[in-house]
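Everything on this sheet refers to the single structure shown next.
The values are calculated or read from the model by the stated rules, or taken from the named source; none is laboratory data. None of these values were measured; they are calculated from a predicted model. Virtual Cβ from ideal backbone geometry, glycine too; neighbours counted across all protein chains shown. Side chains included, ligands, DNA and RNA excluded: accessible areas come from the protein's heavy atoms. Shrake-Rupley method; radii C 1.70, N 1.55, O 1.52, S 1.80 Å.
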Amino acid sequence: MATAYEHLPDGAHQAGGGVSGRVHQVRAFKPHVLDHLKKVYSVYGKGSWTPQQTAVFLKTVQHDTPSELALELADDKDWEEGTFLKYMTSSVTSAVAPPETQDLSWPLSAYFISSSHNTYLTGNQLSSDSSADAYKNVLLRGCRCIEVDVWDGDEPDSDSDTSISSSDEEGAATSKSKKRLSSVKDKLPSSLASKLEKTSLGSNPDSSPPLTKSTSTSSSPADPIIHRAPSLKEPRVYHGYTLTKEVSFREVCIAIRDYGFVVTDSPLIVSLEVHCSPEQQLTMVAIMNETWGDLLLPEPKEDAISLPAPGDLRGKILVKVKYTPPPSASATALSGGDTPPENVDPAAAKPKKPSKIIHALSKLGIYTRGVSFKSLTQPEATMPTHIFSLSEGGVSEVHAKSAKELFEHNRRYLMRAYPSGLRIRSSNLDPAVFWRKGIQVVALNWQNWDEGMMLNEGMFAGTEGYVLKPEGMLVLIYPPLCCSFCDAHGIRLPPFEALTTLLPRHRPPSPSRNALHHGSHHHRPRRAGHPTSTW
């Protein structure tokens, strides 16, 4: 059983993922607030307020609009002190305006998504605990993309080549020998060295009965038949080659199932970084299917040619994992059947090493197929369902060389950015820098409360963890019904811009650029947009 980490807040009242945008209602006033409100009431009338006196207060103090005035004065009755106090406890007087209804009908690539990095950690990146409660915490705070680093349940530090990563950038760590482990212990302070044997780096679990592999003529070469020994340990989750402690992969999956859709039913992306042997990857697949069941997307009959809308994926878990083409797939399948662009980078077109991620696990990544980034012109860069993952430094390098190409890529396809590995204390990058580049999934260290997390709170306040990009970052398209009708009748469509006035549904809302200056409504600002509206 995992240790209960009672010091972790449940997340329901913790900021970072947009909880400040929810409508809060005051149930009772503290004595000093009550005294102040009674004084305010006495200024505008004694005994009771006539409708005229009430209107003066609502106009001059609350700055109500004509429509709000009509609603609040509909009964045309005097306001007693009790009526006034009841009004002041209602959601109408909240310091935060009610959240606007989100349009989730655009493709996934059209949204910024509230995301977490190394979600399993409870503190710093080097020596903190891993806990299933960390997933409960961020999910109750509104996070919609979480990360899980998965390792073999048996000894991960042997010399055998069983360390496999689904992200070449984040998973570049190689197998450590016992000699190196001893060297590390000698260099550590005594206070940390004493903890080493209890952590993921120094653990030496009892040997488990080995797995035996058998072949079958009916089985795929990518999916070997595994005979599992009864006492085999299941995969575990932790930060590899650090002093962090692990938690079982099954417990993490259970926490995701139990809390993934409590706050919202918008789609949840589970980003897997896999360092497991093929045998334990099969165990991962079995655990996910058993635990998540119908929460997983059904396997499609053919590859998607476009990304779906978040609104069409409600209540579903999207697995992000490294993409492995089916054994019989041809090179053209990488681009979803489309012909690769002529300016493909020759270096990217070289023969690739066989993937160490088995197809049974890879095929769970339907709309979020992780692809190792080499260049923006590699063949996979036009695969509709791919997603690149780059460190903050990697994004800066690509932007310095190909700023326009990076921006254009992110208008159509998914990209993820994550903090530098040097941020040991779980500090955060500035997410706005990456949002401006159109990057949808900007993963932050939710273990820390700093400027980066404050900006994340501001971006996603009052949303379902998805924020539609500004118009300049979107690709305007014809509705599918329009396209199919025209194709069937041989009608050639003109450029989209010529018909934008006829297709208002497919144009994003235009948030007010003066949102922060609208209404000093008794400390009641009208939130008419997001940080993106000021870029």
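Could you tell me the distance between the Cα centroids of segment 234-249 and segment 82-141, to the nearest Å?
Cα centres, segment 234-249 to segment 82-141: 26 Å.
Take the Cβ-Cβ distance between residue 451 and residue 328 as r, set R0 to 56 Å, and report the resulting FRET efficiency rounded to the nearest 0.05.
That pair, residue 451 with residue 328, gives E of 0.65.
Given a 1.4 Å probe and heavy atoms of the protein chains only, how would you sort 75, 312, largest accessible area at the top?
Listed by decreasing accessible area, they come as 312, 75.
If you take the beta carbon distance between residue 63 and residue 29 as r and set R0 to 25 Å, what does 1/(1 + (r/R0)^6) give as a FRET efficiency, to the nearest 0.05?
0.70
Accessible surface of residue 250 in the full protein assembly, 1.4 angstrom probe, to the nearest 10 Å²?
60 Å²
Skipping prolines and chain starts, which residues have an amide H placed within reach, meaning under 5 Å, of the one on residue 271, given they are 5 or more residues away or on another chain?
Here the answer is 146, 147, 148, 320, since their amide H atoms fall under 5 Å of that of residue 271.
How much solvent-accessible surface does residue 48 expose, in Å² to the nearest 10, with a 1.4 Å probe and all protein chains in place?
Near enough 30 Å² of accessible area.
Given a 1.4 Å probe and the protein chains all in place, what does the accessible area of residue 29 round to, in Å² to the nearest 10?
Roughly 60 Å² of residue 29 is accessible to a 1.4 Å probe.
From the cross-link list 59/86; 322/401; 245/401, which pairs have alpha carbons spaced over 28 Å apart?
Beyond 28 Å: 245/401.
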